[in-house]
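Structure, as structure tokens:
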Amino acid sequence: MQIPSSILILSILSLTLAGCNRTAPEAAPAAPPLTAVRVTQATASDVPLEITAIGNVEAISTVDVKARVTAPVLHVHFAEGQDVKQGELLFELDPESLNRQIAEMDANIAKDIALERQSDANIARDVATLKNLDAVALRSANLLKEGILSRELAEQASSGAEAARASVESDRAALESAKASEKADRAKLQQIRLQLDYTKVYAPISGRAGSIAIKQGSLAKENDNTLVTLLQTAPVYVSFPVPENLLPNIRQFNAAHPINITAIMADQQTSTGTLQFIDNSVDSTTGTIRLKGTFSNGDRKLWPGQFVNVRARLSVENNRILISSQVIQSGPEGKFVWIYNPGDSTVAMRPVTVLRNYTPPGEGEKAVIGAGLVAGENVISEGQLRLTPQAKVRLLSQGAQ
């Protein structure tokens, strides 16, 4: 029996559709790629316990040099910015008016001396006259008793003697006045000569001179305008604030030995000094206390008013565990790091106690670990953000991208 062609075509299509609807077996899921990480090792090292701050250089002594007499500036014996020594001549003022006053006072003293001599001569003369008149008055009194001389003549002789005695007292008063005048004139002469010495202005301290405010030919006024300002630049102070909670440690270590202070300038040059002064009160607005170190500054690296970075070493702690500060992570329960186990290439979280940060010379910043790590342990330094506890990782070499 012959099958119709239309039925045959439908049968073939049905078989084809049934084959297409049959489900293919599912492929196994691919394993996720391992997280690539790098590690660094915790090390043990001696770590100095240091304080860092920003300090300001201060001159130990600052003196505004002023004139002690009013006179024109005759000569300036130094240059601006020059180092001067104590006792060095800086300014010379015009002494002409004082020299005239001295000459006038010398003449007054000579006049006083002449008056004294004149008073001495008057006293000698009047004393002789008094002796004669006293003798006349005595004889007149005796003659009056004998009735030979009248009372009127006797009283005249007595009055003459009293007048001579008053004249002697007047001469002695004139002598005392002349001596007092001489004494006053000599005192004034001494004062003028002292002012004459003030016409030469000397450096009160050794230091560096600033700009000259009163030039040659200008009038310098007594205790008014500043001629020049001197700053003592060797030695100098470096003043810096530290948090008040460090004060007990600072006092403890400073009592044991002088604390060394290093000032670091903008060009990375350094200068070393020692702690000299701890302020007597804490600044309540900032919670800091101010310290000062003394620096010999013989090389003049430090300049008054300059800002420097300050590092004060309190002590050295032995065998502290160090790790790069960048590997430290923060979580809800505090600081932690990721530890790499080379045995099975897995990682684990490890809580750590960070005491402080420390930057060794020529290296990056390190975290000083108080607990949680031992020297030699491998700590994940890159790739931490993609890690989970006990996850397997792939270790990259330091030079791999």
Original post:
Do we find that ASN280 is over 18 Å from the mean Cα position of the chain (by Cα) and on the phi < 0 side of the Ramachandran plot in this structure?
Top reply: no
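A quick yes/no check of all residues on (1) outside any strand (DSSP E or B); (2) surrounded by 14 or more Cβ atoms within 10 Å (Cβ to Cβ); (3) among the hydroxyl-bearing types (Ser, Thr, Tyr):
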site: LEU49; (1), (2), (3): no, yes, no
site: ILE54; (1), (2), (3): no, no, no
site: ASP64; (1), (2), (3): no, no, no
site: ARG68; (1), (2), (3): yes, yes, no
site: PRO72; (1), (2), (3): no, yes, no
site: HIS75; (1), (2), (3): no, no, no
site: GLU80; (1), (2), (3): yes, no, no
site: PHE91; (1), (2), (3): no, yes, no
site: LEU98; (1), (2), (3): yes, yes, no
Original post:
For TYR358, are the conditions met, namely being aromatic (Phe, Trp, Tyr) and under 25 Å from PRO248 (Cβ atoms)?
Top reply: yes
Original post:
Say we look at the stretch 365-382 and pick out the residues that are surrounded by fewer than 15 Cβ atoms within 10 Å (Cβ to Cβ) and farther than 18 Å from ASP46 by Cβ; which of these is farthest from the chain's Cα centre (by Cα)?
Top reply: GLU382
Original post:
When the stretch 314-336 is examined, which residues are found to be within 22 Å of ILE51 (Cα to Cα), out of contact with any helix residue (DSSP H, G or I) (no Cβ under 9 Å at 6 or more places or on another chain) and either among the hydroxyl-bearing types (Ser, Thr, Tyr) or surrounded by 13 or more Cβ atoms within 10 Å (Cβ to Cβ) (or both)?
Top reply: GLU317, ARG320, ILE321, LEU322, ILE323, SER324, SER325, GLN326, ILE328
Original post:
What is the residue count in the stretch 322-361 for residues that are assigned to a strand (DSSP E or B), within 41 Å of the chain's Cα centre (by Cα) and within 22 Å of VAL37 (Cα to Cα)?
Top reply: 6
Subject >> Test result for VAL84, aliphatic (A, V, I, L, M), in contact with a strand residue (DSSP E or B) (Cβ under 6 Å, 6 or more places away or on another chain) and either surrounded by 14 or more Cβ atoms within 10 Å (Cβ to Cβ) or not assigned by TED's automatic domain parsing to the domain that holds ARG193 (or both) >> reply: yes
Original post:
Would you call GLN191 closer than 30 Å to LEU90 by Cα, in contact (Cβ under 8 Å) with a residue 12 or more places away in the chain and either out of contact with any Phe, Trp or Tyr (no Cβ under 7 Å at 6 or more places or on another chain) or in the same structural domain as ALA220 (by TED's automatic domain parsing) (or both)?
Top reply: no
Original post:
What residue, of GLY55, GLY87, GLY81, is at positive phi and in contact with a Phe, Trp or Tyr (Cβ under 6 Å, 6 or more places away or on another chain)?
Top reply: GLY87
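The values are calculated or read from the model by the stated rules, or taken from the named source; none is laboratory data. Just so you know, these numbers come straight off a predicted model, no measurement behind them. Virtual Cβ from ideal backbone geometry, glycine too; neighbours counted across all protein chains shown.
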